[in-house]
Amino acid sequence: MDHPDQVSSETCIHCGKKFANCKLKNRHIKRIHGIVIENSRRCHVLCPLCKEGNILKTYENLRNHIEEIHKVSIEHVKFEFCSEQQYEDWRNAEKVDTNYAKYRTNSCKSYKTINYECNRSNTKGYGSNYCKRTEKAGGTIKIHGVCPSKLIVKIYNDGKITVDYWKTHVGHQKDELRSKHLSAVEKNMVIEKLKSGVSVDRILEDARKLEMPKLERINLLNRKDVAYLSTKHNIEGRRDKNEMVAAALKVREWNREGKNFAFFFKPEGETHDILKKEDFALAFMNSAMEDKLRNFTTIVCMDGTHGTNKKGLDLTIMLIKDDRNAGFPVAFFLSNRLDQQVQEVFLGALRIKMQQDIKPEYFMSDDDPKYYNAWIKVMTNKPQRLLCSWHIVKNWNIQGKKIHDVTMRKQMKQEMKRILNETNEKKFIELKDAYLNKLQEANELDFANYLLRYYFQDEDRIRMWAHCYRKNAGINTNMAIESLNNLLKTNQLKSRTRVTTEKLLDTIEDLVEIKMWQRIFSIERPNANNYQDRIIIKAHKEAHRIKNKIEVTEKQLGGFQECAKYVSIDISVIAQNT
């Protein structure tokens, strides 16, 4: 027995014949029984000139209504084309893609029908109460009602194409630029430029060039238009629409043929012994980076940065100083948090990757102890910890506001930098004690107690930041990491923060290649303006001045040898005057 709803929706009430759907049933009733079934979808055909909004149900009724009631003549023309190329040329000339939107496509045995309606028509017949985004400042381009202008294109199997074209627009201005779309020719031009690697700025610059006496839609091209076309045609070559799936595919590419570049990968949703189920973690090191870490382990720098991707993942960078005292990244770690537990997981995976303990002499980071604590816990060695001088001075400047005396507050930075940069241990202690006494005599106890609590509390703490305890270390700041961050964010990512994880991984890989080529250039084509070359030349001159033109040769970073007698020159002091 048929269900009552099924009988009423799929069975003809006049003859009892059953159909697959309501559309076939209604067509049967119209053709066989001569009765037209009212369809609620036709209620959207409203006259754009009537204030009360007459429901005219069909386009034919709409055209007749406009001609008879509103006395507007609607031009109707027919075209017949022998080939698809002729039709495409005509469509581009008429800019059909600019002013019309494809509304419906029907297929029959001998031809296919495509309906184009004016893009100003309100084909729904109502305004939605649910808005997913803020309305444009100029308001919607849809008019109140339906514009009678439309095209019906029939494409026959034998290649012939016919077009019924109602040209007259009613209810709006025809040439309003804000309502126009880009034509197919204009879209293809932008797409081809994107595929050829032309920058967005150059594409917009070319679009601003006026080739016609009046503005065209292409002249109003903006970045959103270019971004839409880039996303639609996958110009960036995204591996998958899902960001996490795309990142997993990128990891698979890195680790193809046993390369193991992504030596640790924990996607969201997977369980881990230490990390949480919702955590994401990915560590990257290619063969060139691995060689650098094995060969140059004197200095290791670690720091974290944010604002590199739209998921808000934090990026940890490990960097070494090579034989030319230039910074080179040796590992990247992308994670959703930057606490010590996550850093221990990263360093543990790095130790397994290297199959050995990494034993640097110096370890530099910011004042946050999580990097150093994780290092000594996982790597089982305890290098001398150095704090970045730039961060130290920055903290002093912030806390220096506690000094009430304006004159002393202005002199604080100069006096504290003199203490920081002093390379003689005895002189350092004298300057430190003298400045503390000065603060206490001036009753500036807030800043004095701050220094005693965080920087002068014991010798171990002083060794982290005072230059007199890092002679010949070859490093005073972690500016190499800051420079690398700037290169990544500004040069590579173009200051964009809405970058996908997959794009960020591609950019990191390109960044390592750029740094590798920079090293090759500095070796094969040395530049006199190179920072390391400048301080070496200045160190040579200082050695000549000390020993009265006795020939010296470089022995190690920051030290030079005169025959059998060793001449020690503090390279950090020379660099400060460069």
Restricting to segment 140-152, count the residues that are among the hydrophobic types (A, V, I, L, M, F, W, C) and in contact (Cβ under 8 Å) with a residue 60 or more places away in the chain. 3
Can you pull out every residue in segment 224-236 that is within 28 Å of residue 174 (Cα to Cα) and surrounded by 12 or more Cβ atoms within 10 Å (Cβ to Cβ)? 225, 226, 227, 228, 229
Regarding segment 445-465, can at least one residue be identified that is in contact (Cβ under 8 Å) with a residue 60 or more places away in the chain, in contact with a strand residue (DSSP E or B) (Cβ under 6 Å, 6 or more places away or on another chain) and assigned by TED's automatic domain parsing to the domain that holds residue 409? yes
For residue 360, work out the one condition from (1) in a helix (DSSP H, G or I); (2) within 36 Å of the chain's Cα centre (by Cα) it doesn't fulfil. (1)
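Every residue, every condition in (1) surrounded by 11 or more Cβ atoms within 10 Å (Cβ to Cβ); (2) in contact with a Cys (Cβ under 9 Å, 6 or more places away or on another chain); (3) touching a residue at least 60 places away in the same chain (Cβ under 8 Å), yes or no:
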position: 61; (1), (2), (3): yes, no, no
position: 67; (1), (2), (3): yes, no, no
position: 72; (1), (2), (3): yes, no, yes
position: 85; (1), (2), (3): no, no, no
position: 104; (1), (2), (3): yes, no, no
position: 109; (1), (2), (3): no, no, no
position: 113; (1), (2), (3): yes, no, no
Against the definition (over 27 Å from residue 320 (Cβ atoms) and acidic (Asp, Glu)), how does residue 446 come out, yes or no? yes
Within segment 317-336, work out how many residues are modelled with pLDDT of 90 or more and surrounded by fewer than 21 Cβ atoms within 10 Å (Cβ to Cβ). 1
Checking residue 257 against (1) modelled with pLDDT under 90; (2) not assigned by TED's automatic domain parsing to the domain that holds residue 284: exactly one of these is not met. Which one? (2)
Selection within segment 400-434 - among the β-branched types (Val, Ile, Thr) and either in contact (Cβ under 8 Å) with a residue 40 or more places away in the chain or within 17 Å of residue 456 (Cβ to Cβ) (or both): 403, 419, 423, 429
Would you tally the residues in segment 147-164 being surrounded by fewer than 19 Cβ atoms within 10 Å (Cβ to Cβ) and either of a type outside the set (Val, Ile, Thr) or not assigned by TED's automatic domain parsing to the domain that holds residue 75 (or both)? 7
Hey, any hits in segment 352-362 for a residue that's at pLDDT below 90, of a type outside the set (Ser, Thr, Tyr) and either assigned by TED's automatic domain parsing to the domain that holds residue 450 or touching a strand residue (DSSP E or B) at 6+ places or on another chain (Cβ under 6 Å) (or both)? no
With segment 17-136 as the region, which strands (runs of 3 or more DSSP E) entirely inside it contain at least 1 residues that are at pLDDT below 90, on the phi < 0 side of the Ramachandran plot and charged (D, E, K, R)? 100-107
Within segment 165-176, is there a residue that is in a strand (DSSP E or B), crowded, with 18+ Cβ neighbours inside 10 Å and touching a residue at least 24 places away in the same chain (Cβ under 8 Å)? yes
Can you tell me which condition residue 274 does not meet? The list is (1) modelled with pLDDT of 90 or more; (2) part of a helix (DSSP H, G or I); (3) surrounded by fewer than 16 Cβ atoms within 10 Å (Cβ to Cβ), and all the others hold. (2)
Is one or more of the residues making up segment 181-199 farther than 30 Å from residue 494 by Cβ and exposed (fewer than 14 other Cβ atoms within 10 Å of the Cβ)? no
State whether one or more residues within segment 483-491 are in contact with a helix residue (DSSP H, G or I) (Cβ under 9 Å, 6 or more places away or on another chain) and without any contact (Cβ under 8 Å) to a residue 24 or more places away in the chain. yes
Every residue in segment 497-518 that is part of a helix (DSSP H, G or I) and under 15 Å from the mean Cα position of the chain (by Cα), please. 501, 502, 503, 504, 505, 506, 507, 508, 509, 510, 511
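The values are calculated or read from the model by the stated rules, or taken from the named source; none is laboratory data. Given the structure is predicted, the values throughout are model-derived calculations rather than measurements. When we count neighbours, we look across all protein chains shown, and the Cβ atoms used for this are built from the backbone with ideal geometry, even at glycine.
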